[in-house]
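Single-structure report; data block below.
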């Protein structure tokens with residue numbers, strides 16, 4: 001189970017969120033910029049198609065009403081229009097352009113293709129009839145030129161609609177990119193605020209721990225150490241728990257030493273009372289040499305036991321002093 005209240009985990013989460021948001025924003029921005037470049041290329045091709053329809057019509061009118069029957073410019077414009085229309089329909093791997101991005105544009109390209117098929121058929125017929133010697137040549141050319149004149153605007157309008165659709169599609173992508181960047185900026189701001197909040201929370205925990213450490217240093221008594229109490233869980237609390245465990249062991253040892261010292265002092269007092277009683281008995285039986293000898297021996301044993309208890313009491317007193325020094329040392333060095 002993921003422990004999200006650890007300092008290291010919080011920092012990792014904040015860092016991961018920032019990295020993911022930044023990488024996502026950069027990746028999508030680069031992708032959309034590349035799409036905009038492709039859109040600009042396609043729009044340029046579609047706009048050129050619009051210009052070529054006028055150029056083709058102009059060349060046909062010029063050839064028809066002049067003695068110059070040169071079809072080079074007309075052929076170049078026608079071939080360029082066909083090449084551009086194929087790119088719009090199928091895309092171009094060399095220029096890295098794509099086919100119709102949606103059904104609406106695809107239908108519009110199909111409409112332009114149908115109009116162009118009829119238009120191109122009349123262009124080819126115009127070239128053939130112009131170089132022929134048919135008796136009704138003039139009548140046929142007049143009919144073709146009239147068709148070109150009437151359908152030129154229709155083809156131009158259809159290509160113009162296609163250019164508008166591509167432009168709108170590109171603008172929608174631009175608007176989408178702006179929206180995405182705006183949302184990304186808001187998310188980054190939220191993560192930034194979240195990181196500040198978490199860092200402030202971590203800082204407050206550290207300050208609370210340092211405050212307790214200073215209180216331990218100021219406590220000169222050292223008779224009883226108070227464990228650290230923190231409401232939140234973090235690495236700081238883990239250190240606090242370790243310190244609390246050590247403090248509890250010191251307090252327990254001090255309690256045991258105090259209890260042993262008190263019991264030793266109590267036993268010493270009892271032995272002193274017992275010695276006094278023996279002194280009274282010895283005074284009464286001082287004429288009895290044998291009894292006196294045994295009692296003297298008993299008295300020696302009691303005195304020796306008393307001395308040993310006093311030595312034990314002295315050692316326990318030193319143990320207590322050593323534990324107090326250890327406690328003060330722990331206060332001076334909390335971690």
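Just a few scattered comments:
- Some residue of the stretch 83-93 being modelled with pLDDT under 90, over 22 Å from residue 52 (Cα atoms) and out of contact with any strand residue (DSSP E or B) (no Cβ under 9 Å at 6 or more places or on another chain): yes
- Test result for residue 61, in contact (Cβ under 8 Å) with a residue 40 or more places away in the chain, assigned by TED's automatic domain parsing to the domain that holds residue 36 and out of contact with any strand residue (DSSP E or B) (no Cβ under 7 Å at 6 or more places or on another chain): yes
- Residue count for the stretch 49-86 under the criterion of being within 30 Å of residue 176 (Cβ to Cβ) and in contact with a helix residue (DSSP H, G or I) (Cβ under 6 Å, 6 or more places away or on another chain): the result is 3.
The values are calculated or read from the model by the stated rules, or taken from the named source; none is laboratory data. These figures come from a predicted structure and were not determined experimentally. Cβ: placed from backbone, ideal geometry, glycine included. Neighbour counts: every protein chain shown.
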